[in-house]
Amino acid sequence: MGNALTHESSIGRDGLPHPNPSPEGEGLRSATMALAAVSDTPRLDAEILLAHALGITREQLLLGDHPVPATFDALIARRLAHEPIAYITGERDFWTITLRVAPGVLIPRPDSETLIDAAVAHFGKAGPKRVLDLGTGSGALLLAALDQWPEATGIGIDASDAALAIARENAAAIAPGRAEIVKGGWNGTGETFDLILCNPPYIATDETLPSDVIDWEPSSALFAGPDGLDDYRALAIALPPQLAPGGIACIEIGHTQRATVTALFENAGFTVDCRKDLAGRDRCLLLTAN
């Protein structure tokens, strides 16, 4: 191994010695070219998959030369079939944590970190005491909040058995003894919470989605009726009795839904503010009781 400068050299057309390309470099180049047909980030995808095949981090991969294992081609083939990177590697980074993910659970997106950012801005270092994550999926929002505030405890609720299994595994690894994962719906547990987090389905049923999403991720976590608002209507009814005095609810929205969803929650008795994601798009509604 070693860096590229230690490789045997060949004589180029200019008569000077040139390092022979490393197998790793050739493998990454070939993979990148192939993945350009299915990904907007083909080089990144190739690096992540090669690091995964080698059992090292991407940072370690970039620091030196490594042999290309035989398993790399199979991983590239899976990505060429539009399988999401997170399902291939079995994990996804979110906020300050790394989550296990698998088919049957929605892959956490950076946009959803806007909800945690909004909660941190509201609570500061003191944090909430009790956190509720409705539609917890992998447990991303709940576990990110509990990692942010080590004294807090919380509950994640989901209707999907597949999601519950993954969320429980993540809870045991990230917040043992502080996170309970239970089966249920938008009506919660009958308790009240200082912080409610929710990333509900909000895509209209006739909307076109990329193959990476529609062919792989659970439709129950994506679609919410003809206008994408069915679950917000249910939440507007279900949320008021679940929010403790002085608490807040952080609800993710599609970036075009601010006005319509705000109206639903205002009619339910909430004061509504909005936070934008890193791209400057409306992403999180911040609800407080009137």
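The values are calculated or read from the model by the stated rules, or taken from the named source; none is laboratory data. As the structure is a computational prediction, the values presented were derived from the model and not from experiment. Neighbour counts are summed over all protein chains in view; Cβ atoms, including those assigned to glycine, are modelled from backbone coordinates with ideal geometry. For the accessible areas, the whole protein counts, side chains as well, though only heavy atoms, and no ligand, DNA or RNA atoms are used. Shrake-Rupley method; radii C 1.70, N 1.55, O 1.52, S 1.80 Å.
Beta bridges from DSSP with both residues in the chain: antiparallel share about 45 percent, rounded to the nearest 5. In this view, the solvent-accessible surface of PHE123, computed with a 1.4 Å probe and all protein chains in place, comes to about 40 Å². Using the Cβ-Cβ distance between ALA77 and ALA121 with R0 set to 51 Å, the FRET efficiency works out to roughly 0.70. By the gyration tensor of its Cα atoms, with a ≥ b ≥ c the square roots of the eigenvalues, what is the shape of the chain: rounded for a/c under 1.5, prolate for a/b over b/c, or oblate? In terms of gyration-tensor shape, prolate. Volume of the convex hull of segment 131-290 (Cα atoms only), normalised per residue: 118 Å³. The mean sequence distance of close C-alpha pairs (under 8 Å, at least 6 residues apart), as a share of the length of segment 214-289, puts its relative contact order at 31 percent.
Remark on segment 137-206: Rg and Dmax equal 12.3, 43 Å (Cα only). Evaluating kT/(6 pi eta Rh) at 37 °C and 0.692 mPa s, with the Kirkwood radius of segment 35-190 over Cα pairs in the Stokes-Einstein relation, gives 194 µm² s⁻¹. For the chain, the dipole from Cβ point charges (+1 on Lys and Arg, -1 on Asp and Glu) about the Cα centre works out to 460 debye, to the nearest 20.
If you find the alpha carbon centre of segment 79-144 and of segment 234-290, how far apart are they in angstrom? Comparing the Cα centres of segment 79-144 and segment 234-290, I get a distance of 19 Å.
Only lysines eight or more places from LYS276 in sequence, or on another chain, were considered; those with a Cα closer than 28 Å are LYS125, LYS129.
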